[in-house]
Amino acid sequence: MINRRTVIKALGLTASLAATSSAFNTASLAQAPTAPPAPSGPFTLPPLGYDYDALEPFIDATTMHLHHDKHHASYVNNLNAAVARYPELGSKSVAELVSNLDAIPEEIRTAVRNQGGGHANHSFWWLILSKSGGTEPKAQLAKDISTQFGSFSQFQDRFSKAAASVFGSGWAWLTLAGGRLQIETSPNQDSPLTLGHTPILGIDVWEHAYYLKYQNRRPEYVGAFFRVVNWEYVSGQYASATSPAHT
Ligand code: MN3
């Protein structure tokens with residue numbers, strides 16, 4: 001009996017063995033049980049509140065498409081897959097999940113930390129950007145930034161250095177921690193919420209956030225980010241985070 005390998009060799013098709021094999025295996029693959037579809041909830045991808053090209057030329061439309069439709073979507077899908085066996089987690093917000101990782105079952109804790117963190121961080125990220133951003137902080141946030149960091153420009157300088165200092169993938173943040181503003185960084189998709197800190201401003205310094213347009217020039221991307229910060233929204237968030245009702 002002539003086996004498949006002999007035939008392939010005889011035909012001089014050794015190089016395409018891999019491709020040929022998959023064709024030979026099509027029949028058995030068709031009989032394999034199909035994987036269950038990825039759960040479509042309880043967490044969902046929030047729509048971008050503006051056009052993909054709204055932040056041009058500072059953040060390009062192609063990056064926005066990939067970042068929102070692919071990267072953020074995959075954090076949401078993976079989070080849904082992680083919590084599928086724990087319906088009680090589905091009734092909580094993603095902020096609640098990452099704020100209390102110790103309460104997450106151990107077998108999915110890392111997944112919730114990474115995928116839930118990714119979902120929480122990106123949901124926040126889209127909101128703090130605006131086409132008409134790039135001005136300066138308002139109201140109490142403006143005052144507290146000046147008090148705490150000397151001036152807005154000294155704050156920008158320190159925040160930018162923190163963003164540049166993140167080794168590998170992560171975020172730089174301005175947070176409210178213990179009633180004070182502070183600049184901090186987090187690796188991967190770790191959320192400041194896990195430390196009990198409230199994010200006020202953040203910058204995604206994963207390469208997926210900037211590499212298409214800025215390649216290795218992260219500091220240039222950080223400078224561009226400040227041209228599209230929605231200080232109106234950010235200052236409002238700070239006002240509610242510091243309001244007596246909240247604390
Ligand atoms: Mn990202």
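Readers should treat all values here as calculations from the given coordinates under stated rules, not as data from a laboratory. Remember, it's a predicted structure, so these values are computed and weren't measured experimentally. Glycine also receives a Cβ, built like all others from the backbone with ideal geometry; neighbour counts cover every protein chain displayed.
Computed values, structure above
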read-out: Arg180/Lys138 FRET efficiency (R0 22 Å; Cβ-Cβ; nearest 0.05); value: 0.70
read-out: Computed label-point distance, nm, for sites Thr62 and Ser91 using a 7 Å Cα→Cβ extension; value: 4.6 nm
read-out: 14 Å beta-carbon shell around Leu181, net charge (K/R +1, D/E -1); value: +1
read-out: Dipole magnitude (debye, nearest 20) for segment 61-127, charges at Cβ of Lys, Arg, Asp, Glu; value: 140 debye
read-out: For segment 155-244: rounded, prolate or oblate by the Cα gyration tensor [a/c cutoff 1.5]; value: prolate
read-out: Gyration tensor verdict on segment 89-244 (Cα atoms; rounded if a/c is under 1.5, prolate if a/b is larger than b/c, oblate otherwise); value: oblate
read-out: Segment His208-Glu232, extension gain: residue separation times 0.36 nm, minus the distance between their alpha carbons; value: 6.0 nm
read-out: Residue-count net charge about His68 - beta-carbon cut-off 13 Å; Lys, Arg +1, Asp, Glu -1; value: -4
read-out: Estimated inter-spin distance, Phe152 and Arg109, nm [label 7 Å along Cα→Cβ]; value: 4.3 nm
read-out: Estimated FRET transfer efficiency when R0 is 35 angstrom, pair Asp102-Ser240 (beta carbons, to 0.05); value: 0.85
